[in-house]
Amino acid sequence: MSLVLEPPPPPLSKSKTGAPLKRCFASIRTALPPPNHRFRASRFPLHPTSSSRPTVTVVLKTEKEKNAVTEQKDPPVRIVAVVGQGSVSPLKCTPWEEVMMHTAKRLKWVDEGYEMVVFTDNFHQSNDQTAMDLQKELACADILLVVAVTNQDSVKWIGTNSGNIPNVICFESDPGLVNKLGGSYVHSEMKGSIFDKVVGISQLKKTDETKEVVQTVSEAWDRCNSDDIRFCLLVIINAYIQPVPILKNLRSKGFSTLNCMVKNCGPQILDCLMDPNCRKALQCLNKCSPVDQVCNYRCIASFESPKLEAFSLCVLQKNNCLDLDAKIPEKPYVQPIFKFRGKDLCHETAEDLFVGWLGSLDWSWRVVAGQNPAYDQFPCQYQLFYRGKAKGSFWYEPVFQVKTLEGELVWRRRKYRVKRANVPGTFYFSVLDNGVVSNEYWTIVDVSEDFSWGLFHYHGAARVAGQSYTGAVLVSPDGTYPKQIQSNRLSSALEKCGIKEWELYTVDNCACQDPPLGIPEGSSLHSMLDAKDQSWSSV
């Protein structure tokens, strides 16, 4: 341990405009505590024995602590969103103001340093203080997001007060608004969106990176869901402000990637290129942004084959040629259900809640709606949970339909190994999906006493593919919203997950003929509970 004499802390750093970096926002924002931007070691005052001598303050630090202090965190990212007063989003007609407020909260799950404030565009009609507050925010903003603003007074005011902002993106707004990425103007032939078709970028040469950002953000925004709205902002932060760790997935790291693939996976690469389906999968993936999970998984689900699995298993899972290492997200923290029918939840009962209706029906649950746009939006989702032959083994097999990119409807099936986590109602899942291992942490958020519905949440990561994700599924016995669902209870369960009901996709369960169901012979089902014993329930 070493002694280091440390002076008093310096005054707050100033931003490029002279304003303190840590500010109190007067505008609408999420009620979250301000982030801790700097690590600060504890101080130990050493008092001399003579009271006539002044007190000297020193800091005791280990070498490890000294290194931690010297590591500078990225400065906060400032985002200002301005939405049209009374404007309505395509997310189940939810007001854009509410959507953006929720986006601000979800950005904090990625990084506490992402600060987003939300204004409506009635500031030119309200008191001067609101306009002054917005001006202060714009003076320090890294990104200005304008959504559904068409009022000409608002358009003029934004144009006058946003000239120094390096990234300005406008959707569903007046075409007179200026759009920029990385300080360069982006022009469009399409009204109201900068990302439909770029026809010119002034000041800087149009680079491949900029074109990829434009394409990725355009496709994501057009999917009209909360995950992709947040994803748009993260892509811009990653490209023009500072690296976003969860978006570090790159297609290639140059010669080292190529050398790894050729040295270790030559036969698998050749087999894939010679196989029509595998070749289509690679061509499809090459058109996606490497960080766009929705696009990537649609390609994989559309063109999966044994050759693609062998290729991915060698290049990614066994040799990690892209040198990626995604981690399971820690946020949001979701608490499991603690009691069921008045009794404390135990591991056996929790597993029975997963097993659900299997035995009485040919499946445990059917998915009514889901939250993740990459994994929860497939039609005709059946869940099969069962106990295996081996003592203590538990399995999950989802069966779902995929409409391939070529328009064909096909059935897909996965097989997850399930292990109990420490707390009853929480589980570790793992699956080999097309050659890549995904690990997930599932939580039983709630299940109604009559087994008429349940809500399951998951955090997951495909480590070597560089992808991490979260999601949730609302389930019922027949795949439809229960007729007498307790709306307050469901809202409370969703709130525990940080999910709004308008974020959920409704699963298409209309044409689900002949799903490939069934479980291995010798498997067992319920241990403590049995859905078929609920005579007051009907399917």
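The values are calculated or read from the model by the stated rules, or taken from the named source; none is laboratory data. Quantities reported herein were computed from a predicted structural model and do not represent experimental measurements. Note that each Cβ is placed from the backbone with ideal geometry, even for glycine, and that neighbours are counted across all protein chains shown. These area figures cover heavy atoms from the full protein model, side chains too; ligands, DNA and RNA do not enter into them. Shrake-Rupley method; radii C 1.70, N 1.55, O 1.52, S 1.80 Å.
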**Prompt:** Out of curiosity, is VAL445 assigned by the TED database to the domain that holds PHE378 and in a strand (DSSP E or B)?
**Reply:** yes
**Prompt:** What number of residues in the stretch 105-161 are closer than 21 Å to VAL178 by Cβ, of a type in the set (Asp, Glu) and part of a helix (DSSP H, G or I)?
**Reply:** 2
**Prompt:** Do we find that TYR416 is closer than 30 Å to LEU322 by Cβ and over 21 Å from the mean Cα position of the chain (by Cα) in this structure?
**Reply:** yes
**Message:** Every residue in the stretch 274-332 that is out of contact with any strand residue (DSSP E or B) (no Cβ under 9 Å at 6 or more places or on another chain), hydrophobic (A, V, I, L, M, F, W, C), in a loop (DSSP other than H, G, I, E, B) and in contact (Cβ under 8 Å) with a residue 12 or more places away in the chain, please.
**Reply:** CYS321, LEU322
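Among the listed residues GLU351, GLU397, GLU406, which satisfies the condition of being open to solvent by 40 Å² or more (accessible area, probe 1.4 Å) and touching a residue at least 40 places away in the same chain (Cβ under 8 Å)?
Answer to the selection: GLU406.
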**Prompt:** Can you name every residue in the stretch 459-496 that is assigned to a loop (DSSP other than H, G, I, E, B) and either surrounded by fewer than 16 Cβ atoms within 10 Å (Cβ to Cβ) or at pLDDT 90 or above (or both)?
**Reply:** PRO477, ASP478, GLY479, THR480, TYR481, LYS483, GLN484, ILE485, GLN486
**Request:** Name every residue in the stretch 497-539 that is within 21 Å of ASP344 (Cα to Cα), outside any loop (DSSP other than H, G, I, E, B) and either modelled with pLDDT of 95 or more or open to solvent by less than 30 Å² (accessible area, probe 1.4 Å) (or both), in order of residue number.
**Result:** ALA531
**Request:** Filter the stretch 155-168 for residues that are touching a Phe, Trp or Tyr at 6+ places or on another chain (Cβ under 8 Å) and either crowded, with 23+ Cβ neighbours inside 10 Å or more than 14 Å from ASP121 (Cβ to Cβ) (or both) and give the result.
**Result:** PRO166, ASN167
**Message:** Show the residue pairs meeting these rules: Cβ distance below 6 Å; 6+ apart or different chains; first residue within the stretch 89-117 and touching a residue at least 40 places away in the same chain (Cβ under 8 Å); second residue open to solvent by 10 Å² or more (accessible area, probe 1.4 Å) and of a type in the set (Ser, Thr, Tyr).
**Reply:** TRP96/SER87; GLU97/THR120; ALA104/THR30; LYS105/THR30; VAL117/SER27
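Kindly establish whether PHE123 is modelled with pLDDT under 95 and under 26 Å from the mean Cα position of the chain (by Cα).
For PHE123, the condition - modelled with pLDDT under 95 and under 26 Å from the mean Cα position of the chain (by Cα) - is not met.
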